[in-house]
Structure formats: structure tokens, C-alpha cells
1. If I ask for residues that are acidic (Asp, Glu) and either without any contact (Cβ under 8 Å) to a residue 24 or more places away in the chain or buried (at least 18 other Cβ atoms within 10 Å of the Cβ) (or both), which ones from the stretch 164-189 would you list?
2. Being closer than 17 Å to Lys167 by Cβ and among the hydroxyl-bearing types (Ser, Thr, Tyr) is the filter; apply it to the stretch 91-131 and report the residue that is surrounded by the fewest Cβ atoms within 10 Å (Cβ to Cβ).
3. Could you check the stretch 24-116 for strands (runs of 3 or more DSSP E) lying wholly inside it with 2 or more residues that are touching a strand residue (DSSP E or B) at 6+ places or on another chain (Cβ under 9 Å), over 19 Å from Asp178 (Cα atoms) and aliphatic (A, V, I, L, M)?
4. Among the residues that make up the stretch 151-158, is at least one of them crowded, with 18+ Cβ neighbours inside 10 Å and in contact (Cβ under 8 Å) with a residue 60 or more places away in the chain?
5. Residue check: is Glu71 touching a residue at least 40 places away in the same chain (Cβ under 8 Å), more than 20 Å from Ile175 (Cβ to Cβ), touching a His at 6+ places or on another chain (Cβ under 8 Å) and not hydroxyl-bearing (Ser, Thr, Tyr)?
6. Got a sec? Which of Gly160, Gly119, Gly174 is over 25 Å from Ala10 (Cβ atoms) and small (Gly, Ala, Ser)?
7. Is there a residue in the stretch 79-100 that is in contact with a His (Cβ under 7 Å, 6 or more places away or on another chain) and in contact (Cβ under 8 Å) with a residue 12 or more places away in the chain?
8. Suppose we keep only residues that are at negative phi and in a loop (DSSP other than H, G, I, E, B) within the stretch 132-150. Which one would you say is surrounded by the most Cβ atoms within 10 Å (Cβ to Cβ)?
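Bear in mind these aren't lab numbers, they're just calculated from the coordinates by the rules spelled out. Predicted, not measured: the structure shown is a model, and the values here were computed from it. Cβ sites come from the backbone with ideal geometry, for glycine too, and all protein chains shown count toward neighbours.
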Amino acid sequence: MKIVGLLLAAGSASRFGSDKLRHALPHGVPIAVQALRHLKAGVPETIVVVRPGGESLFEGENVVVCPNADEGMGASLACAARAAARSHPGAEGYLIALGDMPFVRPATIAAVREALAAGAPLAAPYWRARRGHPVALSKIYFAELLALRGDEGARKLLAGNEQKLVKIPVGDPGILRDIDTPSDLLPPLRV
């Protein structure tokens, strides 16, 4: 099954105080580059969506600039879907990951991809009964991806089709750990 990974890296990072996607993790790799590495480990064909001026972080990658990224995640996701239609016209599904989530394990991404490849119309990982990222959508939702607007992303689409969502239990707290502020980079508390 031809699945395209869509990395959304077009946010404004206003709460972080600087360009969080370029901020280096302790091992020296920028946050968004680490997120892309993990995505590509499970979905080699990827598109990275950035805001104007964000291209240089992803040298050599399939990057698309979203001119209306300021409208929110929905606009960025619709931009990614349009780019996928041009560069991967036979795609049968899409795995959507976020550039500010570098701690999602490659095994989790592979599990979500496999659920989609096995016929799930929608798939998402769950840790302790909480849905996280990445999420996967079959091509049957392509028109809905193109119609997304605002800052909601695919949340409304998933909520409206919850009965079709394949929930994948994972032991990966990284599916919930996005980076919004510098304190989000601190090691999580053990619970």
C-alpha cells in the first residue's frame, strides 16, 4: 500500500519564544529533524510542510511551503494534502505527524502505518486510553483533508468518524509529548 507521511512543521512556535523546530535536543539534532527521522523510518515517502522561510531546516527533503500557514494546522494539512496529490498521485493513505513531537518512537509510527496498510480507514496510537500522534487516514478522507481550515487539524474528522478509528495501544508516552514551551523539553515525571 502506498502511504505518504505528512510532517506538519509550519506552526508559529509563539509559546516557545524562539523557533522551536530548530531548537537542538540534547544529542544536537533539531526537534523537527528528529521528528522527521522517526517518521521516515516508518514511512519513507514524506512531505514536510513549512511556513515561508522554514525550508532550510529540511535540506534535501520533499518540502512544500504553505503560504497561509498562519491560518492554523488545518490550512497546513490541506496544503500537505494538495502537495501529496501532485507528488504521490497514487497514494492510498496518509500518516500525519507533527514537527514538534520528536519523542514518538519509530515502532509506534510503524504500528500506525501497518494498521492503515491492513485496511483501517483511520488509525491512531493510544497510551493509557489517550489518543496521540501520528494519525493515519485512508484516501477515502482525501477530500475532507483538502477542505480543512483553521487550527483544528484532523481532530474534527477523527471525532466525526470515531466508529471507524482503529485504536492502537502502545507503550509510548511520546505520542502525547509535544513541545510547546522550553519546559516541555525537561524529562517527564515518572508516574
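1. Within the stretch 164-189, Asp172, Asp178, Asp184 qualify.
2. Restricting to residues being closer than 17 Å to Lys167 by Cβ and among the hydroxyl-bearing types (Ser, Thr, Tyr), the top hit is Tyr126.
3. 63-65
4. yes
5. Details: touching a residue at least 40 places away in the same chain (Cβ under 8 Å): yes; more than 20 Å from Ile175 (Cβ to Cβ): yes; touching a His at 6+ places or on another chain (Cβ under 8 Å): no; not hydroxyl-bearing (Ser, Thr, Tyr): yes.
No; evaluated as a whole, the condition is false for this residue.
6. Values: Gly160 fails: over 25 Å from Ala10 (Cβ atoms); Gly174 fails: over 25 Å from Ala10 (Cβ atoms).
Gly119 is the lone residue from the list that is over 25 Å from Ala10 (Cβ atoms) and small (Gly, Ala, Ser).
7. Checking the stretch 79-100: at least one residue is in contact with a His (Cβ under 7 Å, 6 or more places away or on another chain) and in contact (Cβ under 8 Å) with a residue 12 or more places away in the chain.
8. Checked the stretch 132-150; the qualifying residue surrounded by the most Cβ atoms within 10 Å (Cβ to Cβ) is Pro134.
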